[in-house]
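Inspection log for the structure reproduced underneath, given as C-alpha coordinates.
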Amino acid sequence: MSRFAQARYLIEKAARVAVVGHLRPDADAVGSVTAMVSALRFLGKKADGFIGQAQPLPANLRSIPGAEEITVSAELPPVDLVIAVDCGSLDRTGGLADAVAAAPDCLVIDHHASNPGFGTVNIIDAEAESTTLILFRLFSTLGVELDATLAHSLYAGLVTDTGSFRWGTPRMHLVAAELMKTGIDTRRIAEELIDGNSVGDLQMIGSVLSGVTLMTVGSLGVAYLVADADTIYGHSASAVESLVDFVRVVDNAQLGVVFKETSRGRWAVSLRSSSMDVSRIATRLGGGGHVPAAGYTTSGRVDTIVQELVTVLEELSD
Ligand code: 5GP
Ligand code: MN
(Lines give C-alpha, C1' and ligand atoms only; values in the text may rest on other atoms or scores of the structure.)
(Ligands and ions follow the chains in the order given, each with its own letter.)
Protein backbone atom coordinates (compact mmCIF):
# COMPACT_ATOMS: atom_id res chain seq x y z
CA MET A 1 0.00 0.00 0.00
CA SER A 2 1.33 3.49 -0.81
CA ARG A 3 1.85 5.89 2.06
CA PHE A 4 -1.04 8.02 0.83
CA ALA A 5 -3.28 4.92 0.86
CA GLN A 6 -2.09 4.08 4.38
CA ALA A 7 -2.85 7.64 5.47
CA ARG A 8 -6.28 7.39 3.90
CA TYR A 9 -6.92 4.16 5.79
CA LEU A 10 -5.96 5.76 9.14
CA ILE A 11 -8.20 8.76 8.43
CA GLU A 12 -11.14 6.65 7.26
CA LYS A 13 -11.21 4.54 10.41
CA ALA A 14 -10.93 7.54 12.79
CA ALA A 15 -13.95 9.47 14.04
CA ARG A 16 -12.14 12.01 16.27
CA VAL A 17 -8.86 13.54 15.11
CA ALA A 18 -6.43 16.05 16.66
CA VAL A 19 -4.17 17.93 14.25
CA VAL A 20 -0.92 19.14 15.84
CA GLY A 21 1.55 21.68 14.43
CA HIS A 22 5.00 22.57 15.79
CA LEU A 23 5.60 24.92 18.68
CA ARG A 24 6.60 28.51 17.87
CA PRO A 25 4.63 27.88 14.67
CA ASP A 26 5.26 29.49 11.32
CA ALA A 27 2.73 29.93 8.52
CA ASP A 28 3.39 26.43 7.16
CA ALA A 29 2.61 24.90 10.56
CA VAL A 30 -0.55 26.96 11.10
CA GLY A 31 -1.70 26.66 7.47
CA SER A 32 -1.16 22.89 7.60
CA VAL A 33 -3.19 22.60 10.82
CA THR A 34 -6.08 24.74 9.58
CA ALA A 35 -6.15 23.05 6.16
CA MET A 36 -6.04 19.55 7.65
CA VAL A 37 -8.79 20.36 10.16
CA SER A 38 -11.03 21.77 7.48
CA ALA A 39 -10.37 18.80 5.13
CA LEU A 40 -11.19 16.34 7.94
CA ARG A 41 -14.42 18.18 8.70
CA PHE A 42 -15.29 18.02 4.98
CA LEU A 43 -14.84 14.24 5.31
CA GLY A 44 -17.30 14.19 8.24
CA LYS A 45 -14.75 13.83 11.04
CA LYS A 46 -14.68 15.60 14.38
CA ALA A 47 -11.39 17.47 14.05
CA ASP A 48 -9.59 20.22 15.97
CA GLY A 49 -6.18 21.90 15.76
CA PHE A 50 -3.59 22.18 18.56
CA ILE A 51 -0.19 23.77 19.20
CA GLY A 52 1.73 22.58 22.29
CA GLN A 53 2.69 25.91 23.86
CA ALA A 54 1.25 28.43 26.30
CA GLN A 55 1.70 31.60 24.20
CA PRO A 56 -1.08 32.62 21.80
CA LEU A 57 -0.35 32.56 18.06
CA PRO A 58 1.35 35.65 16.58
CA ALA A 59 -1.07 38.18 15.09
CA ASN A 60 0.07 37.72 11.48
CA LEU A 61 -0.61 33.97 11.63
CA ARG A 62 -4.09 34.59 13.00
CA SER A 63 -4.98 35.97 9.54
CA ILE A 64 -5.01 32.36 8.27
CA PRO A 65 -8.65 31.16 8.20
CA GLY A 66 -9.32 28.82 11.12
CA ALA A 67 -6.20 29.89 13.08
CA GLU A 68 -8.28 31.63 15.76
CA GLU A 69 -9.82 28.23 16.51
CA ILE A 70 -6.48 26.48 17.17
CA THR A 71 -6.07 25.58 20.84
CA VAL A 72 -2.71 26.35 22.45
CA SER A 73 -2.43 23.67 25.10
CA ALA A 74 -0.37 20.91 26.69
CA GLU A 75 -3.32 18.50 26.56
CA LEU A 76 -5.26 16.69 23.88
CA PRO A 77 -8.87 15.49 24.18
CA PRO A 78 -9.44 11.73 23.68
CA VAL A 79 -8.98 11.03 19.96
CA ASP A 80 -8.60 8.04 17.63
CA LEU A 81 -5.86 9.65 15.57
CA VAL A 82 -3.30 12.43 15.88
CA ILE A 83 -2.02 14.01 12.69
CA ALA A 84 1.28 15.84 13.27
CA VAL A 85 1.96 18.34 10.51
CA ASP A 86 5.24 20.18 9.77
CA CYS A 87 6.80 18.70 12.94
CA GLY A 88 10.34 17.49 12.19
CA SER A 89 10.51 15.43 15.38
CA LEU A 90 8.27 14.44 18.28
CA ASP A 91 9.76 17.11 20.56
CA ARG A 92 8.67 19.79 18.07
CA THR A 93 5.08 19.07 19.20
CA GLY A 94 6.18 20.86 22.40
CA GLY A 95 3.99 20.35 25.46
CA LEU A 96 1.89 17.84 23.49
CA ALA A 97 4.74 15.35 22.94
CA ASP A 98 3.55 12.89 25.61
CA ALA A 99 -0.05 13.05 24.40
CA VAL A 100 1.04 12.53 20.77
CA ALA A 101 3.23 9.57 21.74
CA ALA A 102 0.29 8.03 23.66
CA ALA A 103 -2.28 8.42 20.82
CA PRO A 104 -3.76 5.18 19.39
CA ASP A 105 -2.48 6.17 15.93
CA CYS A 106 -0.26 8.97 14.67
CA LEU A 107 0.03 10.14 11.08
CA VAL A 108 3.12 12.28 10.44
CA ILE A 109 3.03 14.62 7.44
CA ASP A 110 6.20 16.65 7.06
CA HIS A 111 8.98 17.89 4.78
CA HIS A 112 12.00 18.03 7.14
CA ALA A 113 14.89 15.80 5.98
CA SER A 114 15.87 15.26 9.62
CA ASN A 115 12.45 13.74 10.52
CA PRO A 116 13.02 10.27 12.06
CA GLY A 117 9.42 9.19 11.24
CA PHE A 118 7.79 9.13 14.69
CA GLY A 119 4.29 8.14 13.53
CA THR A 120 2.39 4.94 12.79
CA VAL A 121 2.36 6.13 9.18
CA ASN A 122 4.86 8.72 7.97
CA ILE A 123 4.55 10.85 4.86
CA ILE A 124 7.88 12.66 4.86
CA ASP A 125 8.82 14.31 1.59
CA ALA A 126 12.01 16.34 2.02
CA GLU A 127 11.67 17.52 -1.59
CA ALA A 128 8.34 19.21 -0.89
CA GLU A 129 8.64 22.98 -0.63
CA SER A 130 6.11 23.11 2.23
CA THR A 131 4.02 20.72 4.28
CA THR A 132 0.94 22.38 2.78
CA LEU A 133 2.13 21.25 -0.67
CA ILE A 134 2.07 17.62 0.53
CA LEU A 135 -1.43 18.24 1.93
CA PHE A 136 -2.55 19.64 -1.43
CA ARG A 137 -1.64 16.30 -3.02
CA LEU A 138 -3.13 14.26 -0.17
CA PHE A 139 -6.43 16.15 -0.34
CA SER A 140 -6.85 15.32 -4.00
CA THR A 141 -6.45 11.58 -3.24
CA LEU A 142 -8.95 11.95 -0.36
CA GLY A 143 -11.50 13.68 -2.62
CA VAL A 144 -11.50 16.88 -0.55
CA GLU A 145 -13.00 19.80 -2.45
CA LEU A 146 -10.64 22.77 -2.80
CA ASP A 147 -12.35 26.07 -1.97
CA ALA A 148 -10.89 29.53 -1.36
CA THR A 149 -10.72 29.05 2.42
CA LEU A 150 -8.76 25.82 2.13
CA ALA A 151 -6.59 27.31 -0.63
CA HIS A 152 -5.77 30.32 1.60
CA SER A 153 -4.36 28.01 4.30
CA LEU A 154 -2.35 25.95 1.80
CA TYR A 155 -1.02 29.07 0.05
CA ALA A 156 0.08 30.60 3.39
CA GLY A 157 2.50 27.71 3.96
CA LEU A 158 3.66 27.62 0.35
CA VAL A 159 4.38 31.35 -0.07
CA THR A 160 6.35 31.57 3.19
CA ASP A 161 8.34 28.31 3.04
CA THR A 162 9.49 29.16 -0.51
CA GLY A 163 10.66 32.64 0.54
CA SER A 164 7.88 34.14 -1.61
CA PHE A 165 8.64 31.68 -4.45
CA ARG A 166 12.37 32.45 -4.52
CA TRP A 167 13.39 28.80 -4.06
CA GLY A 168 11.71 25.54 -5.03
CA THR A 169 10.83 23.49 -8.07
CA PRO A 170 8.43 24.33 -10.92
CA ARG A 171 5.80 22.39 -8.96
CA MET A 172 5.49 25.24 -6.42
CA HIS A 173 4.26 27.54 -9.19
CA LEU A 174 1.91 24.89 -10.59
CA VAL A 175 0.34 24.31 -7.17
CA ALA A 176 0.19 28.07 -6.53
CA ALA A 177 -1.67 28.45 -9.83
CA GLU A 178 -4.21 25.80 -8.77
CA LEU A 179 -4.71 27.56 -5.44
CA MET A 180 -5.10 30.98 -7.14
CA LYS A 181 -7.84 29.58 -9.37
CA THR A 182 -10.10 29.47 -6.29
CA GLY A 183 -10.01 33.28 -6.23
CA ILE A 184 -7.74 33.83 -3.21
CA ASP A 185 -6.33 37.36 -2.87
CA THR A 186 -2.58 36.66 -2.87
CA ARG A 187 -1.62 40.32 -2.45
CA ARG A 188 -3.70 40.62 0.70
CA ILE A 189 -2.43 37.28 2.05
CA ALA A 190 1.20 38.42 1.60
CA GLU A 191 0.45 41.77 3.27
CA GLU A 192 -1.19 40.12 6.26
CA LEU A 193 1.41 37.39 6.65
CA ILE A 194 4.74 38.86 5.55
CA ASP A 195 4.82 42.54 4.63
CA GLY A 196 2.94 44.24 7.46
CA ASN A 197 5.19 46.15 9.91
CA SER A 198 4.58 48.85 12.51
CA VAL A 199 6.93 51.83 12.83
CA GLY A 200 8.14 50.36 16.13
CA ASP A 201 8.91 47.03 14.43
CA LEU A 202 10.96 48.82 11.76
CA GLN A 203 12.93 50.65 14.48
CA MET A 204 13.60 47.33 16.23
CA ILE A 205 14.79 45.78 12.95
CA GLY A 206 17.08 48.78 12.37
CA SER A 207 18.54 48.50 15.84
CA VAL A 208 19.24 44.75 15.51
CA LEU A 209 20.69 45.17 12.00
CA SER A 210 23.05 47.91 13.18
CA GLY A 211 24.75 45.29 15.36
CA VAL A 212 25.46 42.83 12.55
CA THR A 213 28.78 41.03 13.05
CA LEU A 214 30.93 39.19 10.51
CA MET A 215 33.24 36.65 12.12
CA THR A 216 35.44 33.96 10.64
CA VAL A 217 35.70 30.43 11.94
CA GLY A 218 38.59 28.76 10.11
CA SER A 219 37.82 29.55 6.48
CA LEU A 220 34.09 30.05 7.14
CA GLY A 221 32.52 33.51 7.17
CA VAL A 222 29.60 33.85 9.60
CA ALA A 223 27.28 36.88 9.63
CA TYR A 224 25.20 37.05 12.79
CA LEU A 225 22.59 39.18 14.48
CA VAL A 226 21.74 39.25 18.18
CA ALA A 227 18.12 40.08 18.98
CA ASP A 228 18.08 40.20 22.78
CA ALA A 229 14.93 40.09 24.89
CA ASP A 230 14.93 43.81 25.73
CA THR A 231 15.15 44.74 22.04
CA ILE A 232 12.47 42.37 20.72
CA TYR A 233 10.07 42.42 23.68
CA GLY A 234 6.59 43.45 22.55
CA HIS A 235 7.48 43.36 18.86
CA SER A 236 5.59 41.28 16.36
CA ALA A 237 6.80 37.74 15.78
CA SER A 238 6.75 38.35 12.03
CA ALA A 239 9.16 41.30 12.39
CA VAL A 240 11.51 39.21 14.55
CA GLU A 241 11.33 36.28 12.11
CA SER A 242 12.07 38.62 9.19
CA LEU A 243 15.53 39.41 10.62
CA VAL A 244 17.02 36.19 9.27
CA ASP A 245 16.33 37.23 5.69
CA PHE A 246 18.93 39.99 6.07
CA VAL A 247 21.76 37.57 6.87
CA ARG A 248 20.82 34.82 4.43
CA VAL A 249 23.25 36.10 1.79
CA VAL A 250 25.96 38.46 3.06
CA ASP A 251 29.23 39.24 1.26
CA ASN A 252 32.10 37.07 2.55
CA ALA A 253 29.77 34.95 4.70
CA GLN A 254 28.65 31.40 3.93
CA LEU A 255 26.49 31.16 7.05
CA GLY A 256 23.86 33.57 8.41
CA VAL A 257 22.69 33.31 12.03
CA VAL A 258 20.11 35.10 14.18
CA PHE A 259 20.15 34.61 17.96
CA LYS A 260 16.67 35.47 19.29
CA GLU A 261 16.22 35.69 23.05
CA THR A 262 12.67 34.41 23.44
CA SER A 263 12.70 34.69 27.23
CA ARG A 264 15.47 35.78 29.60
CA GLY A 265 18.52 33.60 28.80
CA ARG A 266 16.58 31.30 26.40
CA TRP A 267 17.48 31.60 22.74
CA ALA A 268 15.93 30.39 19.50
CA VAL A 269 18.68 30.31 16.90
CA SER A 270 18.05 30.45 13.13
CA LEU A 271 20.69 29.25 10.66
CA ARG A 272 20.66 29.95 6.92
CA SER A 273 23.05 29.14 4.07
CA SER A 274 22.98 28.68 0.34
CA SER A 275 26.28 26.76 0.22
CA MET A 276 26.42 24.50 3.28
CA ASP A 277 24.17 22.04 5.13
CA VAL A 278 22.95 23.94 8.19
CA SER A 279 20.67 21.10 9.36
CA ARG A 280 23.89 19.25 10.38
CA ILE A 281 24.90 22.16 12.58
CA ALA A 282 21.42 22.49 14.10
CA THR A 283 21.16 18.74 14.74
CA ARG A 284 24.50 18.80 16.60
CA LEU A 285 23.01 21.47 18.87
CA GLY A 286 19.79 19.56 19.56
CA GLY A 287 17.68 21.13 16.80
CA GLY A 288 17.00 20.28 13.18
CA GLY A 289 15.54 21.56 9.95
CA HIS A 290 16.40 21.66 6.27
CA VAL A 291 19.73 21.85 4.39
CA PRO A 292 19.46 25.62 3.71
CA ALA A 293 17.40 26.60 6.81
CA ALA A 294 17.55 25.10 10.27
CA GLY A 295 17.39 26.06 13.92
CA TYR A 296 17.89 25.05 17.51
CA THR A 297 17.22 26.37 20.99
CA THR A 298 19.77 26.98 23.69
CA SER A 299 20.32 28.98 26.86
CA GLY A 300 23.04 31.15 28.35
CA ARG A 301 24.72 34.52 27.88
CA VAL A 302 25.35 35.88 24.39
CA ASP A 303 29.10 35.26 24.43
CA THR A 304 28.56 31.68 25.67
CA ILE A 305 26.02 30.75 22.99
CA VAL A 306 28.11 32.34 20.22
CA GLN A 307 31.09 30.33 21.46
CA GLU A 308 28.95 27.17 21.59
CA LEU A 309 28.17 27.61 17.89
CA VAL A 310 31.81 28.38 17.03
CA THR A 311 32.90 25.16 18.79
CA VAL A 312 30.45 23.07 16.75
CA LEU A 313 31.54 24.79 13.51
CA GLU A 314 35.16 23.99 14.34
CA GLU A 315 34.31 20.37 15.12
CA LEU A 316 32.35 19.94 11.90
CA SER A 317 35.14 21.43 9.79
CA ASP A 318 37.69 18.93 11.20
P1 5GP B 1 13.52 29.05 11.79
O2 5GP B 1 14.95 29.44 11.79
O3 5GP B 1 12.76 29.74 10.71
O4 5GP B 1 12.87 29.12 13.14
O5 5GP B 1 13.49 27.51 11.42
C6 5GP B 1 14.11 27.02 10.26
C7 5GP B 1 13.91 25.54 10.19
O8 5GP B 1 14.56 24.90 11.29
C9 5GP B 1 12.45 25.12 10.28
O10 5GP B 1 12.24 24.13 9.32
C11 5GP B 1 12.28 24.59 11.66
O12 5GP B 1 11.37 23.55 11.69
C13 5GP B 1 13.67 24.14 12.07
N14 5GP B 1 13.91 24.46 13.47
C15 5GP B 1 13.99 25.69 14.02
N16 5GP B 1 14.20 25.63 15.34
C17 5GP B 1 14.24 24.33 15.66
C18 5GP B 1 14.44 23.59 16.88
O19 5GP B 1 14.59 24.16 17.97
N20 5GP B 1 14.40 22.24 16.78
C21 5GP B 1 14.22 21.59 15.59
N22 5GP B 1 14.20 20.25 15.59
N23 5GP B 1 14.06 22.23 14.44
C24 5GP B 1 14.06 23.58 14.46
MN1 MN C 1 7.41 23.87 6.82
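The values are calculated or read from the model by the stated rules, or taken from the named source; none is laboratory data. Quantities reported herein were computed from a predicted structural model and do not represent experimental measurements. As a convention, Cβ positions derive from the backbone with ideal geometry for all residues, glycine included, and neighbour counts pool all protein chains shown. Protein only, heavy atoms only, side chains kept; ligands, DNA and RNA dropped before computing areas. Shrake-Rupley method; radii C 1.70, N 1.55, O 1.52, S 1.80 Å.
Overview of values
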item: Mean Kyte hydropathy of -1.0 or more with a Cα span along the axis of at least 20 Å, helices from DSSP in the chain; result: 27-42, 302-317
item: Two-site FRET efficiency, Glu69 against Asp230, from Cβ-Cβ distance with R₀ of 25 Å, rounded to 0.05; result: 0.15
item: FRET efficiency, 1/(1 + (r/R0)^6) with R0 25 Å, evaluated for Arg137 and Arg187 via beta carbons; result: 0.45
item: Gap separating the Cα centres of the range 18-38 and the range 247-269, nearest whole Å; result: 25 Å
item: Accessible surface of the chain, 1.4 Å probe, proportion on carbon and sulfur as whole %; result: 52 percent
item: Computed P(r) (all Cα pairs; the range 3-194; 10 Å bins; percent); result: 10, 42, 38, 10, 0
item: Note, ³J(HN,Hα) from phi for the range 69-84, Karplus 6.51, -1.76, 1.60, rounded to Hz, x at Gly and Pro; result: 8, 5, 8, 8, 6, 10, 9, 10, x, x, 9, 8, 8, 10, 10, 9
item: Solvent exposure ordering (accessible area, 1.4 Å, most first) of Ile51, Ile70; result: Ile70, Ile51
item: Spatial separation of Cα centroids for the range 39-78 and the range 217-244, in angstrom; result: 28 Å
item: Extent along principal axes [Cα atoms of the range 270-318; Å; largest to smallest]; result: 27, 23, 16
item: Percentage relative contact order, the chain, counting C-alpha pairs under 8 Å, at least six apart; result: 13 percent
item: Relative packing of peptides 263-271, 23-31 - highest average C-beta neighbours within 10 Å first; result: 23-31, 263-271
item: When the convex hull of its Cα atoms is projected in every direction, mean area for the range 95-183 (nm²); result: 6.8 nm²
item: Share antiparallel - DSSP beta bridges, the chain, percent rounded to 5; result: 45 percent
item: Bridge type composition, the range 206-285 - antiparallel percent by DSSP, nearest 5; result: 65 percent
item: Per residue, in Å², the accessible surface of the chain once ligands and nucleic acids are set aside, probe 1.4 Å; result: 44 Å²
item: Lysines with Cα under 22 Å of Lys13, excluding same-chain neighbours fewer than 8 positions away; result: Lys45, Lys46
item: Solvent-accessible surface (1.4 angstrom probe) belonging to His235, in square angstrom, nearest 10; result: 60 Å²
item: By accessible area with a 1.4 Å probe, ligands and nucleic acids excluded, highest first: order of Glu75, Glu241; result: Glu75, Glu241
